[in-house]
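Contents: one structure, followed by commentary.
No lab work stands behind these numbers, since they all come straight from the coordinates. Predicted model only: the values in this text are computed from it and were never measured. We place every Cβ from the backbone using ideal geometry, glycine too, and count neighbours over all the protein chains shown.
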Amino acid sequence: MKQYLSIHDLPNIKETALEAIELKKNPLQFQELGKNKTIGLLFFNNSLRTRLSTQKAALNLGMEPIVMNFGAEGWQLEFEDGTVMDQGKSEHVKEAAQVISQYCDIIAIRAFAGLEDKAKDEAEEVLEAFKKYATVPVLNMESSVGHPLQALADAITIEEHKPAKKKLKVVLSWAPHPRALPHAVGNSFAEMALAHEDGFEVVITHPKGYELNPEKTKGATIEYDQDKAFKDADFIYTKNWSSYKEYGKVANTDTDWTISNRQMAETDNAKFMHCLPVRRNVVVADEVIDSENSIVIQQANNRTYSAQIVLKKILENL
Ligand code: AN0
Ligand code: CP
């Protein structure tokens, strides 16, 4: 693999998830592959899981991770071409990306949507600039529109916890949140579930006006009645996102949408999933996240194996 910018960079989602499950049994078996190789993790936003699990994955493969928090420690980068740089930005991404490429064999980037300018977010300014100017493979650790390492971890988790059934029903449910959050996790989960080789029944439920980018949800059933959407589901994947239509707005904080035993009772004993971090009793009630059906901790553990299988595929191609 040359890069991992979206879930569609994977040759096959199910096969990759199965390979990751194999790797998990003996995570140190490919230590030679990453020996004397460096991965640079560049963070323009906060993180717990991505930061630690991607480092852990690199260490498992024998690589040396180096981490930089651009928000707090780096020079402010300019991304536009031809600008007169007489304002706050100290360095152009053109130099930065080429320089970092000399120190690192792979560059991983986290750069969230700003949620103010839809066109700018959809152009993936940061990720695309690094892709353009870096001379080494680039890995997406959550960009404006996608979080493919999370989506692969989700596919691994579903593979491990699925009931024996012909066709799984997977529900992506919006839930309230006081702050405006990006669409990346919802987008990538929908893309993964819709492209999965097993052919899931994919239902997305949210209040009217919270439709995700229709290009990401083509093939899914949109159901505005949350209780109805949950009927006979095998997996409930919860996430808040701000409005896509009224870009970045928080128009609804209706706690009826908070996941509780009320909606879970409609399911076929569904597992509860969330990428974390999650606000308890806003997004999900304690009774659900603390229940036996909650697999959020196992899901977070799979972030390591998601990153490790992707890094392994990139290292094999260096
Ligand atoms: C981020 C988001 O919603 O995209 C990261 C999730 C992995 N969440 C928050 O900012 C709370
Ligand atoms: N799920 C996830 O990406 O978590 P972090 O934001 O803590 O990395």
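Give 162/313; 162/208; 162/228; 25/313 a once-over and call out the pairs whose C-alpha atoms are over 23 Å from each other.
162/313; 162/208
Applying 1/(1 + (r/R0)^6) with R0 = 30 Å to the Cβ-Cβ distance of residue 254 and residue 160, what FRET efficiency is obtained, to the nearest 0.05?
Efficiency for this residue pair is about 0.35.
With a length cut of 18 Å (Cα positions projected on each helix's long axis) and a Kyte-Doolittle mean of at least -0.5, go through the chain and give me the DSSP H helices that pass.
13-25, 148-161, 296-315
Looking at the stretch 186-249, what % of the alpha carbon pairs are farther apart than 17 Å?
38 percent
Which one, 196, 76, 248, projects farthest toward the positive side of the charge dipole computed for the chain from Cβ point charges (K/R +1, D/E -1)?
Farthest towards the positive end: 196.
Report the trypsin sites (Lys or Arg not before Pro) located in the stretch 1-61 that are in a DSSP loop and have at most 12 other Cβ atoms inside 10 Å of their Cβ, or state none.
Sites meeting the loop and neighbour criteria: 2, 35.
State log₁₀ I(q)/I(0) for the stretch 81-197 at q = 0.11, 0.17, 0.19, 0.21 Å⁻¹ as given by the Debye formula over alpha-carbon point scatterers of equal weight, solvent excluded.
Results for the stretch 81-197 at q = 0.11, 0.17, 0.19, 0.21 Å⁻¹ read -0.51, -0.97, -1.10, -1.21.
Test of understanding: ordering 161, 8, 183 by Cβ neighbours within 10 Å, fewest first, what list do you get?
Least to most surrounded, the residues fall as 8, 161, 183.
Grab the alpha carbons of the stretch 148-299, take their convex hull, and tell me the volume per residue in Å³.
So the per-residue Cα hull volume is 98 Å³.
Give me the base-10 log of I(q)/I(0) for the chain at each q in 0.10, 0.12 Å⁻¹, Debye formula, one uniform scatterer per Cα, rounded to two decimals.
Reported log10 I(q)/I(0), two decimals: -0.56, -0.81.
Rounded to the nearest Å, what's the spacing between the alpha carbon centres of the stretch 103-169 and the stretch 39-65? Just the number, please.
One Cα centre to the other: 14 Å.
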